[in-house]
1. Are there any pairs with C-beta distances below 6 angstrom linking a residue in the range 154-180 that is closer than 11 Å to ASP112 by Cα to a residue that is hydroxyl-bearing (Ser, Thr, Tyr), with the two at least 6 apart or on different chains, and if so which?
2. Does LEU233 qualify as being modelled with pLDDT under 95 and among the aliphatic types (A, V, I, L, M)?
3. Considering only helices (runs of 4 or more DSSP H) fully contained in the range 115-201, which possess at least 2 residues that are among the small types (Gly, Ala, Ser) and within 13 Å of the chain's Cα centre (by Cα)?
4. Go through THR268, THR252 for me and flag whichever is of a type in the set (Val, Ile, Thr), outside any helix (DSSP H, G or I), open to solvent by less than 90 Å² (accessible area, probe 1.4 Å) and at pLDDT below 90.
5. Could you check ALA73 against (1) more than 20 Å from HIS154 (Cα to Cα); (2) in contact (Cβ under 8 Å) with a residue 24 or more places away in the chain and say which number it fails?
6. Please give the number of the condition PHE118 fails out of (1) in contact with a His (Cβ under 8 Å, 6 or more places away or on another chain); (2) at pLDDT below 95; (3) aromatic (Phe, Trp, Tyr).
7. Scan the range 119-130 for residues that are open to solvent by 50 Å² or more (accessible area, probe 1.4 Å) and not aliphatic (A, V, I, L, M) and jot them down.
8. Out of the residues in the range 202-249 meeting the condition of being open to solvent by 60 Å² or more (accessible area, probe 1.4 Å) and over 26 Å from the mean Cα position of the chain (by Cα), tell me which one is farthest from GLY147 (Cα to Cα).
Amino acid sequence: MEDVKKRTNSGGTVTPESGPPARDRAGRRHEGDERPADHQEPGGTGLPGTGRRPAGVAGPASARRDNLVRLAAEIFARKGFQATTVREIAKEAGILSGSLYHHFDSKESIVDEVLSRFLEDLLGRYRAAVAAGGEVRDVLAAMVRIGFESLEPHRAAITVMQNDWNYLRSLPGDRFDYLVAAEDEVERMWVDQIKRGQAEGRLRADVDPRLTYRMIRDTIFGSVRWFRPGDRLDVAALADQYVSLLFDGLATGGGTGGRVLSPSGARTGRTE
């Protein structure tokens, strides 16, 4: 999606193995890195730096490509992006390292696709939930469920986002700037809904919307570290539990006398 991935092909370096010659830190090919006259960039999408194939393309080549993305995502999640080599991805796929370059021009292009697929799905579903409107509690509950529902299909991408965010953002060029743009959009959607609930008197006015969103975000996506499909609670039950805690709380009214904290941390003296 263009709004998720507006960037130029300034991708990072190729892990030094068999395959195309390395590039310098500006993304320029070194002397001798010439492609055949009829060469097309992997995927042939025409979208700079994405390596994504056109929508609707199917067949053995696209199936092999999807399999490479899936295998690479699992290795990135298990070992970390930096520690993973092109050779390891190729070995897992049962191909030679050089064959991998028929589909992707670098390791960065693979993780690019892993993360952009996740963000395109997440953003699309969040936007639809907000556009559907309704009571603010219903919209926020829908967004909570969307987050938890992403744990299974995008487990590896979420893990990579958490473990390798800073490294990917440190790479030269603006290839991964869309990560920040996507996160900013997600935060705006959440914060806008929380503020709407406060303005309507349906959510507490003494909580900071941005901090509340970040606590919700970290709770949902941090659960990827311990949640496993087939556990006692599936994602739907997990979301139900969290929605109940989010809106109904944990305490029964005793203990602290119902005192709450202001955003600055000082007790307000107000009781719930």
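The values are calculated or read from the model by the stated rules, or taken from the named source; none is laboratory data. Values in this document were obtained by computation on a predicted structure and should not be read as measured data. A quick note on method: Cβ atoms are made from the backbone with ideal geometry, for glycine too, and the neighbour counts reach across all protein chains shown. What goes into the accessible areas is simple: the full protein's heavy atoms, side chains included, and nothing from ligands, DNA or RNA. Shrake-Rupley method; radii C 1.70, N 1.55, O 1.52, S 1.80 Å.
1. ARG175/SER10
2. yes
3. Working: elements: 136-149, 155-170, 177-199.
Hits in the range 115-201: 155-170, 177-199.
4. Sole residue among the options that is of a type in the set (Val, Ile, Thr), outside any helix (DSSP H, G or I), open to solvent by less than 90 Å² (accessible area, probe 1.4 Å) and at pLDDT below 90: THR268.
5. In the conditions (1) more than 20 Å from HIS154 (Cα to Cα); (2) in contact (Cβ under 8 Å) with a residue 24 or more places away in the chain, ALA73 misses (1) alone.
6. (2)
7. The answer is ASP121, ARG125, ARG127.
8. Checked the range 202-249; the qualifying residue farthest from GLY147 (Cα to Cα) is ALA205.
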